[in-house]
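Read through the structure below, which is laid out as structure tokens, and then see the notes.
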Amino acid sequence: MRDLTDIGMGRTARRTYELDDITIVPSRRTRSSKEVSTAWQIDAYRFDSPILSHPTDALVSPQMAVKLGKLGALGAINGEGLWARHRDVEDKIAQLVDIALNDPDPQAPVRFLQELHRAPIDTDLLGEAVSFVRDAGVTTAVRVSPQHAPELTPTLLAAGVEILVVHGTIISAEHVVRGEEEPLNLKTFIAELDIPVIAGGVHDHRTALHLMRTGAAGVIVGYGSAEGATTTSEVLGIGVPMATAIADAAAARREYLDETGGRYVHVIADGDIHTSGDLAKAIACGADAAVLGTPLAAAAEAPGRGWFWPSAAAHPDTPRGALLRVSTDEGRPSIDTVLNGPSDDPFGELNLVGALRRSMAKAGYSDLKEFQKVGLSVRA
């Protein structure tokens with residue numbers, strides 16, 4: 001039964017919940033964290049932790065993708081980002097950070113980011129970036145937008161991409177356009193590929209179910225919201241609190257499982273996950289894995305030099321994101337410390353996987369699928 005409330009005469013709205021609104025309720029049984037598995041598998045690809053990177057140049061270079069892969073996570077390169085447009089990306093990011101630090105105009109960094117993205121996509125550079133990750137022996141994932149997926153996918157396949165992420169702020173199985181250009185038919189597009197496709201983001205049960213029916217191996221729920229960096233709600237007025245969005249998509253997953261007689265589609269949470277507690281609650285709401293942005297951007301190896309911006313920040317006419325400083329140059333932790341500790345941070349920003357494992361153990365669950373059944377409470 002949905003909880004509806006009147007917002008005015010003749011207009012109702014659904015009551016929804018953020019991750020901050022809920023808490024995990026432990027069961028009568030606890031176990032040692034050494035007996036807990038955080039492993040996640042999608043299609044033939046298995047990972048030690050249920051973590052994907054947000055596909056932004058602030059976070060994922062080819063080198064960072066390799067580091068994440070060797071630590072058991074999945075790094076997704078932005079196939080339309082700077083590594084596909086410029087050969088001297090490190091220098092370009094250094095200029096961007098200098099503008100963010102020293103230019104008094106708060107819009108100057110976004111204008112410079114838009115300028116950098118006006119350079120055309122160089123498929124040779126994109127192929128080199130993908131091949132670098134593939135040759136390192138880790139799972140290779142690349143994000144493309146629905147608009148550019150058909151033209152870029154052949155280059156990605158030739159370079160050895162193993163997981164394709166078709167990702168936009170908001171995506172649907174049905175996209176209506178006028179004009180001569182044919183819209184992307186996700187169902188046909190996915191059916192013609194021999195690699196798994198993760199698609200998103202979506203925000204509700206119906207859209208998640210429609211996207212599952214396209215044949216996607218995973219569906220991204222949310223739009224990567226990060227306070228201070230992501231402005232989709234401010235710019236477009238669109239957004240659904242993540243606890244509700246994840247639970248709705250998980251319900252769609254169960255419905256699709258019954259509909260197909262056993263085909264399981266992974267639900268991947270993307271938004272408002274900044275601490276290990278947020279990660280644990282996202283899994284508890286029904287997610288199989290989570291997309292992380294700001295927590296990983298704080299790592300010393302992240303190319304953003306302590307700054308984070310979402311991939312939508314460079315949109316040519318409607319940017320939906322700003323540069324956010326997540327750490328200073330001094331004492332930035334390694335990505336290994338961010339993921340696996342040890343931690344001296346009491347607020348859940350380090351040892352994300354270790355803390356998730358401990359949360360599962362304290363609640364009495366041994367793997368992620370079981371943990372999705374944990375009790376939840378809503379804050380008064």
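The values are calculated or read from the model by the stated rules, or taken from the named source; none is laboratory data. In this text, all values refer to a predicted model and were calculated from it rather than measured experimentally. Here the Cβ is made from the backbone with ideal geometry for all residues, glycine too, and neighbour counts use every protein chain on show. These accessible areas exclude ligands, DNA and RNA; they are computed on the full protein's heavy atoms, side chains included. Shrake-Rupley method; radii C 1.70, N 1.55, O 1.52, S 1.80 Å.
For LYS187, the aspartates and glutamates whose Cα falls under 18 Å of its own Cα, not counting residues fewer than eight places away in the same chain, are ASP43, GLU151, GLU174, GLU259. The residues of the chain expose, per residue, 46 Å² of accessible area to a 1.4 Å probe. Sequence-ordered 3J(HN,Hα) estimates for the stretch 261-278 from the Karplus curve with 6.51, -1.76 and 1.60 and θ = phi - 60° stand at x, x, 7, 9, 10, 7, 9, 10, 7, 9, x, 6, 10, 10, 10, 5, x, 4 Hz, glycine and proline given as x.
Nearest 5 percent is fine: what portion of the DSSP beta bridges confined to the stretch 4-378 is antiparallel? Each step should come with its number before you reach the end.
Numbers: 13 of 40 bridges.
For the stretch 4-378, the DSSP antiparallel bridge percentage is about 30.
Filter the GluC sites (Glu not before Pro) in the stretch 287-376 to those in DSSP coil with at most 12 other Cβ atoms within 10 Å of their Cβ, and list the result.
Taking the stretch 287-376 and a limit of 12 other Cβ atoms within 10 Å, the loop GluC sites (Glu not before Pro) found are GLU330.
Counting only residues at least eight positions apart within a chain, or on another chain, the lysines with an alpha carbon under 26 Å from that of LYS369 are LYS34, LYS70, LYS281. What the Cβ-Cβ distance of ASP258 and ASP124 gives, at R0 = 56 Å and to the nearest 0.05, is a FRET efficiency of 0.75.
Gain on full extension, evaluated as 0.36 nm per residue between LYS34 and ILE7 minus their Cα-Cα distance, stands at 4.9 nm. Cross-link partners of LYS92 among aspartates and glutamates, defined as those whose alpha carbon lies under 15 angstrom from its own and excluding same-chain residues fewer than eight positions apart: ASP57, GLU115.
Database remark: amide H of ALA76 closer than 5 angstrom to the amide H of SER53 (H placed geometrically; neighbours at sequence offset of 5 or more, or on other chains; Pro and chain starts carry no H). Taking the accessible area of the chain, probe 1.4 Å, and keeping the other protein chains in place, the carbon and sulfur fraction comes to 47%.
What longest range of the chain stays clear of loop-exposed trypsin sites (Lys or Arg not before Pro) (DSSP non-H/G/I/E/B, at most 14 other C-beta within 10 angstrom)?
On the way: sites that count: ARG2, ARG15, ARG28, ARG29, ARG31, ARG87, ARG118, ARG178, ARG263, LYS373, ARG379.
Of all site-free stretches, the longest is 264-372.
The candidate values were (1) 20.7; (2) 39.9; (3) 17.8; the one computed from these coordinates for mean projected area of the Cα convex hull in nm² carries the label (1).
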